[in-house]
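Chemist: There's a structure below that I have some questions on.
The values are calculated or read from the model by the stated rules, or taken from the named source; none is laboratory data. Remember, predicted model here, so these are calculated numbers, not experimental data. Ideal geometry is used to build each Cβ from the backbone, glycine not excepted, and the neighbour counts take in all protein chains shown. Each accessible area value is taken on the protein alone, full model and side chains, heavy atoms only, with ligands, DNA and RNA left out. Shrake-Rupley method; radii C 1.70, N 1.55, O 1.52, S 1.80 Å.
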Amino acid sequence: MTYAFMSMGDASLEDIKAKLEWVKALGPQIVCASRGSKGSVAYDGENFYEQGIKPVAPEELKDAMAAGDSLLTAFLVTYLSKKKAGECGEAAIRESLDFAAGFAAQTCKIEGSWGHPLVYEN
């Protein structure tokens, strides 16, 4: 496995970093944890990269279903494109996480990704 992703929205940042270190030691190049409304954290074996969410206006927020899947997909597509172009390292990871956060935010504006929308109540 080259890249590993996990959902850890309820874990503390300390626990997330420990889990990312443990998974990284198993062999992936980059490991990433999505944290729901707390953003995401990636680890490349040297640095942790924390990425906050991109806010969505309350009137635009429809459904958070699939936001994590959108995050990991957007990260991979962006990072692999950068890697293919000869870009890698810290800047490529940070830029990929930033783009992924924006893409995940756009997903939250789509109602009912499974075809069963729920009403959002604040």
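Chemist: Rounding to the nearest 20 debye, state how big the charge dipole of the chain is about its Cα centre with +1 on each Lys and Arg Cβ and -1 on each Asp and Glu Cβ.
Modeler: 320 debye
Chemist: Something else: For the range 58-117, which trypsin sites (Lys or Arg not before Pro) are both in a DSSP coil and crowded by at most 16 other Cβ atoms within 10 Å?
Modeler: Here the sparse-neighbourhood loop sites are 109.
Chemist: Counting other C-beta atoms within 10 Å, and keeping those with at most 15, which DSSP coil GluC sites (Glu not before Pro) do you find in the range 41-105?
Modeler: 46, 59, 60, 87
Chemist: I would also like to ask the following. If you build the convex hull over the alpha carbons only and average its shadow over all orientations, what do you get for the chain? Give it in nm² to one decimal.
Modeler: So the mean shadow area of the Cα hull is 7.9 nm².
Chemist: Could I ask something else about it? How large is the accessible surface per residue of the chain, computed with a 1.4 Å probe and reported in Å² as a whole number?
Modeler: Result: 61 Å² of accessible area for each residue.
Chemist: Using only the alpha-carbon atoms, how far is helix 90-107 inclined from the longest principal axis of the chain? Give it as 0 to 90 degrees, nearest 10.
Modeler: 20 degrees
Chemist: In whole percent, what relative contact order does the chain give with Cα contacts below 8 Å and a gap of six or more residues?
Modeler: 23 percent.
Chemist: For the range 1-58, what is the convex hull volume of its Cα atoms per residue in Å³?
Modeler: For the range 1-58, the hull spanned by Cα atoms encloses 76 Å³ per residue.
Chemist: In whole percent, and with a 1.4 Å probe on the protein chains, what portion of the accessible area of the chain is carbon and sulfur?
Modeler: Details: 4040 of 7400 Å².
Carbon and sulfur: 55 percent of the exposed surface of the chain.
Chemist: Around residue 46, under 12 Å between beta carbons, what's the net of Lys plus Arg minus Asp minus Glu among the other residues? Provide the component values of the computation, followed by the final result.
Modeler: On the way: positive: 24; negative: 21, 44, 90.
Residues near residue 46 contribute -2 overall.
Chemist: On a full-extension model of 0.36 nm per residue, what is the gain between residue 61 and residue 37, subtracting their alpha-carbon distance, rounded to one decimal in nm?
Modeler: Additional length available on full extension: 7.4 nm.
Chemist: For the full complex of protein chains and a 1.4 angstrom probe, list 12, 37 by accessible area with the highest value first.
Modeler: If we order 12, 37 from most to least accessible, we get 37, 12.
Chemist: Right, here's the next one. Between 0 and 90 degrees, rounded to the nearest ten: what's the tilt of helix 13-25 against the longest Cα principal axis of the chain?
Modeler: The angle comes out near 50 degrees.
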